[in-house]
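Trainee: First the structure, then my questions, so here it is.
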Amino acid sequence: MSKIALTPNASGTGTLTIAAPNTSTDRTLTLPDSTGTIDTLGRAGNVLQVVQTVYSTDVTVTSTSFQDTQLSASITPTSASSKILIFVTQPLLIYQASNAGIAGGMKLLRGATSIVEHNITPTISAGTSAGGEIALRTVWSFCYLDSPNTTSSTTYKTQGKIGSTANSGQIRFQQNNTEEASITLMEIAA
């Protein structure tokens, strides 16, 4: 039969207490048959927590300056050294009635600070003559590793803008029950 031995550290002065849970059921703790240090949640690279927001309401932006898309999520890091891994997936449609190339922009913010910005400029345009509607349907999807350096609640959100308001230019975030937008935040131990 194997034995369990607790060997004190000669240079330590603290007391190690192993507390039993408040349970009326027998429990078994199986230790691995290997040497080394027992892993802790705080080890570099471990996921400490995950937060996700799914948004399913359409939002239309008709401005050439960045506007909120209503997609946001907040997380409170357990350590100031933690990283936040951000995943964003947001369906959108850029639209103009005629006579102009279509373009837009997207931005990810931490609070009021812009941390990622992408231009959406397709290689097609509406040309110069009057004609039908022009639309680009796509999904803004990316991941980003951020270092917020805080243990306070931190909010990440997305914003969008249209390249031109001419010819009814707008960007529609088609966040409905069939095309939901999502933002996922993962705290990663540093």
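What follows draws every value from the coordinates through simple rules; no lab data is involved. Just so it is clear, the model here is predicted, and its values are computed rather than measured. Glycine gets a Cβ as well: all are built from the backbone with ideal geometry, and neighbour counts include every protein chain shown.
Trainee: Please build a GNM for the chain, connecting alpha carbons under 10 Å apart, and tell me which residue among THR178, THR76, THR154 fluctuates the most.
Mentor: THR178
Trainee: I would also like to ask the following. So for the chain, what percent of the C-alpha to C-alpha distances run longer than 26 Å? If you can, show how the numbers build up before the last one.
Mentor: Details: 9435 of 17955 pairs.
The answer is 53 percent, as a whole percent.
Trainee: Taking the chain as a Gaussian network, where each spring joins two C-alpha atoms under 10 Å apart, which residue of PRO148, PRO32, PRO77 fluctuates the most?
Mentor: PRO32
Trainee: Under a no-solvent Debye model with one identical scatterer per Cα of the range 137-190, what's log10 I(q)/I(0) at q = 0.26 Å⁻¹?
Mentor: -1.21
Trainee: Please build a GNM for the chain, connecting alpha carbons under 10 Å apart, and tell me which residue among ASN149, ASN176, ASN22 fluctuates the most.
Mentor: For the chain, modelled as a Gaussian network with Cα springs under 10 Å, the answer is ASN22.
Trainee: Work out the length of the dipole vector of the range 47-188 about its Cα centre, built from +1 on the beta-carbon of each Lys and Arg and -1 on the beta-carbon of each Asp and Glu, and round it to the nearest 20 debye.
Mentor: Computed charge dipole of the range 47-188: roughly 180 debye.
Trainee: Taking the Cβ of GLY104 as the centre, find all other residues whose Cβ is under 11 Å away and add up their charges (Lys, Arg: +1; Asp, Glu: -1). It would help to have the intermediate numbers written out before the result.
Mentor: Numbers: positive: LYS107, LYS161, ARG172; negative: none.
Its environment carries a net charge of +3.
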